[in-house]
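Shown next, in structure tokens, is the structure this report addresses.
No lab work stands behind these numbers, since they all come straight from the coordinates. Since this is a predicted model, take the numbers as computed values, not measurements. Cβ atoms come from the backbone with ideal geometry, glycine included; neighbour counts cover every protein chain shown.
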Amino acid sequence: MNILKNPVRPKNAFTLIELLVVIAIIAVLAAILFPVFAQAREQARASVCTSNVRQIGMAVNLYLQDYDETLPIFYAYNTQAADGSRAWAGDAKHKGVEVLILPYTKDKQVFRCPNDNGGPTLPDPTYGCPGLATYHACYGSSYRFNHGSYSTVANESSQNNFPYTSTTIVRLPLFDAPSETRIMRDEMLPWFGTMDKYGYIPGYYQQWHVRGGGIVFADGHAKFVVNNGDFDKQVVCPAGGRSNDPDPNASTDGNAYGTYYGLCD
């Protein structure tokens, strides 16, 4: 007698068309979500940056209380000592504003912007730190302390390893509008890469933040600025000169920029 066997059922499987549909859906979701994730990460880094500059602003105010409202001595971008020996950030001979206020922050990482990607000058053997990747690692800070808002001392203050030859002591009462006067900013702001009036292009700019950067004001408050219009309106000189306003004495004070930005930033 013939015994009929149950027919073998085919195994469940996706057809090629179904697989293509699934892949297409995944691609669409990825295209939607990845920018959102990237924006969230950038927002988180911006929040850390704002927190850093706020702590630095508080540290400067604590310094002022201990030094009769006198602003710290100005230094910027120094990698060599007066005798020509190496003085990178962390070296015993390194000098910087961040070194002077470190006792009030207790943490060197406060001076590091999470978006610090360095810049074209770092490989330079004279003005940079060959082999290092960030401004913080080389110069000690990802943030620019405004020259005009700090005390300049002849033969002590220096920038790019060159000493200043004049002395200007800056005290808090000299600030005409403390709540509007910036005393520190992120080194690289997005609009620096598109406008040569800030002096960063063609040879000094590298993208850090996508949206803007952190700013500290003379009264100690801080904020994250997202456009050059706001930046240009900020007071940059203690006496009240705004960043984008013309410097009437530019031809005699060596200000090649022609604005108060060039004089005091």
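What to note about this one:
- Inter-label distance, nm, simple model (7 Å from Cα along the C-beta direction), ALA133/LYS93: 2.8 nm
- For the chain, relative contact order (Cα pairs under 8 Å, six or more residues apart, normalised by length) works out to 18 percent.
- Computed from the C-alpha gyration tensor, the three semi-axes of the ellipsoid equivalent to region 171-265 are 21, 19, 9 Å, from longest to shortest.
- Backbone N within region 127-170 under 19 Å of label point (7 Å from ALA250 Cα along the Cβ vector): 147-148
- Figure legend: label point modelled 7 angstrom from the Cα of ALA82 along Cα→Cβ; residues of region 155-171 with amide N under 20 Å from it are 155-169.
- Our analysis of region 119-164 gives Rg over Rh at 1.01, with the two radii drawn from alpha carbon positions and Rh computed by the Kirkwood formula.
- Number of Lys-Lys pairs in region 16-264 with C-alpha atoms under 18 Å apart and a separation of 8 or more places or on different chains: 5.
- Alpha-carbon centroids, region 219-265 and region 69-136: separation in whole Å: 23 Å
- Angstrom value of the Kirkwood radius, inverse mean 1/r, which spans all Cα pairs in region 16-264: 19.3 Å
- Calculated FRET efficiency for the pair LYS223/ILE169, C-beta based, R₀ 30 Å, to 0.05: 0.60
- Additional length obtainable on full extension of the chain from SER179 to ASP68, 0.36 nm per residue less Cα span: 38.0 nm
- Mean residue ellipticity (222 nm) of the chain, computed from DSSP H runs ≥ 4 via -39,500 (n - 2.57), nearest 500: -9500 deg cm²/dmol
- Additional length obtainable on full extension of the chain from ALA239 to ILE201, 0.36 nm per residue less Cα span: 10.8 nm
- A straight chain from GLN159 to ARG211 at 0.36 nm per residue would run longer than the Cα-Cα distance by 15.9 nm.
- Of all beta bridges that DSSP places with both ends in region 114-247, some 95 percent have antiparallel geometry.
- In region 50-79, chymotrypsin sites (Phe, Trp or Tyr not before Pro) in a DSSP loop with at most 16 other beta-carbon atoms within 10 Å: TYR67
- For the chain, Cys with no neighbouring Cys Cβ under 4.7 Å: CYS49, CYS113
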